[in-house]
Structures are given as C-alpha cells and as structure tokens.
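Step one of this worksheet: look at the structure below.
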C-alpha cells in the first residue's frame with residue numbers, strides 16, 4: 001500500500017529521478033556562480049553587487065527545499081537500493097551546496113566591511129584560493145553528473161592543495177597584522193573569508209565522497225591527505 | 001516488491017524507527033559531551049585531554065554512518081509520509097550533530113596551539129558562549145525526543161543570544177589584538193574557536209527547524225531574529 005503514488009498524473013520514476021539530478025546540478029552551478037561573483041565583488045569593492053549576491057542566496061535555499069520535496073516524493077515510491085542511494089546522495093549533496101552558497105554569500109557580506117578600509121595586498125591570495133574552490137566545485141558537479149568515481153576521488157585528493165594554500169595565506173595575514181595594528185580588523189575579515197573558501201573546499205570533498213557512495217555503495221574510499229595546519233599554527 | 005525486508009529476522013518498523021531515534025539522540029549527547037570536554041581542556045590547558053577529544057570525534061562519525069545505514073534500511077520499506085519525515089529528520093539531524101562534533105574537536109585542536117602562549121583573559125568569554133551552545137544542543141535534543149515544537153522554536157529563538165554574545169567577544173578580541181601585537185596569533189585562534197561555537201549554535205537551530213518539519217511538515221516556521229553582526233564590524 002505504500003507504493004501508491006499520490007499524484008493524479010504520474011511521471012515515471014526515472015523521469016523524476018532525472019529531474020532530481022538536474023535540480024541538484026543546477027543548484028550547484030548557482031553556488032559556483034555565486035562564489036565567482038563574490039570573488040569579483042571583493043576585487044572590485046562593489047557594495048551594491050555584494051548586496052545582490054547576498055539576496056541571491058535565497059534562490060539556492062529555495063531550490064534545496066524543492067529538492068527535499070522531490071526526495072520525499074521519490075522515497076514514497078519505495079525505491080530499491082541503488083535508487084535509494086541516488087536519493088540519499090541528492091539530499092546530502094544539496095545540503096552541501098546550500099552551505100557553499102552560504103559561504104559565498106558570507107564572502108560577499110564581509111567584502112562590504114573590507115571596503116571601509118584601504119585595499120589589502122592579500123586580496124590576490126584570496127582570489128587564488130577562491131578560484132581553486134570554484135574549480136573544485138565545478139569538477140565535482142561534473143563527476144556527479146557522470147557518476148565518475150575517479151574524477152570524484154581526484155577532487156577529494158586536490159582538496160589538500162586548497163588546504164595548503166589556505167594555510168599559507170593564513171600565516172601571511174597573521175604576519176601582516178603583527179606589522180601593522182591598523183590592518184587587524186580588515187585582516188580578520190579576510191581570515192574569515194579565506195576560512196569560508198577553505199570550508200567550500202571541504203564541502204566539495206563531501207560531495208565527492210557522496211559520488212563515491214552513490215556509485216560504490218559502502219565500499220570504503222582510501223584515506224586522504226590533510227594539509228590544513230592553520231589551526232595548529234604556534235602563537 | 002520494494003517492501004520485502006531483506007533481513008531474515010525482521011524487526012517491526014516501529015522498533016527500527018525507535019532505534020534510529022535512540023541512535024541519533026545518543027550521537028547528540030556524544031557531541032554535547034565532546035563540546036563540554038573541549039571547553040574544559042581550553043580552561044585546563046591540557047594537551048593530552050585535547051588529543052583524546054580529537055580522537056573521540058571518530059566515534060560520532062561512525063555513528064552517523066550507522067544512522068545512514070539504518071535510514072536506508074527503513075526507506076527500503078517504503079514508509080508513509082509521517083514516517084518518511086522521521087527518516088529525513090533523523091538523517092539531517094545526524095548530519096548537524098556530526099558537524100557539531102567536528103567543531104568541538106576543532107576547539108580542542110586549537111586549544112593546544114593556544115597553550116604555547118600565556119593564558120588569555122578572553123577565555124572566560126569563550127567559556128560563556130560555549131556553555132550557551134551546550135545548553136542549546138541539549139535543549140534541542142530533548143525537543144527532538146519529545147517532538148516538542150514549542151521547545152524547538154524556543155531554541156531557535158535563543159540562538160540570537162548566542163550570536164550577540166559571540167559578536168561581543170569578537171569585538172573584544174579585536175580590541176585586545178590592536179593593543180598588543182603579541183596577542184594576535186593566540187587571539188586569532190580564539191576568534192576561530194568562538195566562531196566554531198557560534199556555528200554549533202547554528203546547527204542546533206537547524207536541528208530545531210528539523211523538529212518543526214518533523215511534526216508540522218511543510219508549515220512555515222515564523223521568521224527568526226538574527227544578531228550575529230561580527231561579519232559587518234567596520235575596520
């Protein structure tokens with residue numbers, strides 16, 4: 001009795017599942033664009049554009065709600081193991097993308113605080129790690145679309161590069177703050193913006209792990225390298 | 001055909017669902033204890049205890065895996081709408097608790113970096129927001145156990161207090177850094193530890209929203225107040 005669909009016009013399970021994948025990919029692309037736009041407003045010091053990015057984050061949140069709704073509808077049909085993994089992967093990946101959107105909006109939000117002080121030279125370092133994060137996100141979305149576990153694993157492994165670049169920027173910012181007390185507040189914003197980007201990398205890694213789970217089920221992924229050492233930098 | 005259970009000995013759906021709730025609550029209590037332990041090692045400057053907390057985080061991660069597995073088993077039985085909400089809520093709540101565990105471990109990790117410098121007076125501010133966060137987490141777990149939407153909503157609303165306390169501590173730390181350049185590195189660790197705790201509050205809020213969703217379905221929660229203004233502090 002649980003398998004009766006509730007809609008009058010019933011789409012095939014495959015059609016609904018395809019729709020779920022498309023929505024999730026679209027959500028991912030929105031988050032990637034938001035992150036690019038956020039990096040751009042940091043560079044251009046454009047408060048109005050920053051406000052638009054913050055506003056746009058709502059569209060990503062709305063899409064996550066729609067995906068949750070579609071997941072519920074699909075799960076009500078009582079899917080089999082592989083189909084269920086599709087559903088679970090979609091809901092987890094949507095949740096990671098939602099967080100990425102939040103972090104992108106946060107970068108935009110802090111940019112407006114940065115614009116109250118003179119430009120900082122470390123902005124270029126932020127741009128570099130930001131570009132790495134955008135690439136990681138785009139690559140993992142392609143891996144998800146293509147069910148490509150090797151590409152997913154490559155994304156997961158490249159997160160170490162992003163962590164290393166983040167740690168280097170973190171140290172550079174601390175040194176700069178020690179040399180010039182007036183830079184402390186803007187540099188603190190930059191530290192958090194850099195951390196937001198490093199976290200976006202972690203969420204891209206989560207997505208990669210979900211692509212692995214989707215294709216391979218509970219086979220274990222080989223352990224990964226970790227290189228974010230900023231949280232053990234000696235005072 | 002999708003409703004055939006795969007196990008030879010079949011537990012009742014209700015028993016399995018009860019087990020899922022119990023596991024999720026146990027996971028939540030583990031995260032609350034980890035956070036308390038992390039706050040304690042910050043106070044006592046105990047590197048060995050910090051290492052144990054970081055290690056213990058694995059148990060929370062393992063429990064999340066088990067919960068995902070149980071969710072899959074339950075979803076394969078083709079649950080009805082309310083049961084499906086239980087399942088979706090459990091998997092989302094487990095994911096929030098997993099993140100809370102990560103943040104607690106991060107607080108412990110950064111404490112060992114802090115211990116290389118003389119103690120900072122702002123530790124007491126960190127303890128205060130930490131205690132608020134522990135309380136929020138414990139309260140929302142009770143709300144989840146009892147399906148208590150009013151309690152969940154109260155937790156959600158109290159997050160504004162945690163945000164306000166975090167913002168105050170953030171400003172205090174910036175001022176301190178400006179007065180004494182030697183404090184910059186340890187204060188930066190404290191800033192991130194405070195941010196971790198503020199994020200734990202956000203995850204408690206997410207859990208509260210899931211309790212609401214579980215009981216009320218897609219009825220909208222009334223909008224909430226936001227008081228974390230640290231990301232717009234002027235340089």
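Contact map, region A:142-167: residues that are part of a loop (DSSP other than H, G, I, E, B) paired with residues that are modelled with pLDDT under 95, Cβ distance under 6 Å, separation 6+ or inter-chain. Pairs shown: A:147/A:215. Within the option set A:173, A:190, being crowded, with 21+ Cβ neighbours inside 10 Å, in a helix (DSSP H, G or I), within 14 Å of chain B (Cβ to nearest Cβ) and over 23 Å from the mean Cα position of the chain (by Cα) holds for one residue only, A:173.
Kindly indicate whether residue B:144 is within 14 Å of another protein chain (Cβ to nearest Cβ) and either touching a helix residue (DSSP H, G or I) at 6+ places or on another chain (Cβ under 6 Å) or more than 30 Å from residue B:19 (Cβ to Cβ) (or both).
Answer is no for this residue.
The helices (runs of 4 or more DSSP H) found wholly in region A:1-114 include none carrying at least 1 residues that are on the phi > 0 side of the Ramachandran plot. Within region B:124-139, not a single residue is within 13 Å of chain A (Cβ to nearest Cβ) and either over 30 Å from residue A:70 (Cβ atoms) or within 16 Å of the chain's Cα centre (by Cα) (or both). Considering A:61, A:57, A:46, the condition of being surrounded by fewer than 24 Cβ atoms within 10 Å (Cβ to Cβ) and over 18 Å from the mean Cα position of the chain (by Cα) is satisfied by A:46 alone. May I ask you to verify whether residue B:100 is under 20 Å from residue B:145 (Cα atoms), away from every other protein chain (no Cβ under 11 Å) and in contact (Cβ under 8 Å) with a residue 24 or more places away in the chain? Here the answer is yes, as residue B:100 does meet what is asked.
Only one of these is surrounded by fewer than 19 Cβ atoms within 10 Å (Cβ to Cβ), at pLDDT below 95 and farther than 28 Å from residue A:195 by Cβ: B:180, B:219, B:146, B:150. Name it. First the steps, then the outcome.
On the way: B:180 fails: farther than 28 Å from residue A:195 by Cβ; B:146 fails: at pLDDT below 95; B:150 fails: at pLDDT below 95.
Being surrounded by fewer than 19 Cβ atoms within 10 Å (Cβ to Cβ), at pLDDT below 95 and farther than 28 Å from residue A:195 by Cβ holds for just one of B:180, B:219, B:146, B:150, which is B:219.
The values are calculated or read from the model by the stated rules, or taken from the named source; none is laboratory data. Worth saying up front: this structure is predicted, and the values here are computed from it rather than measured. Virtual Cβ from ideal backbone geometry, glycine too; neighbours counted across all protein chains shown.
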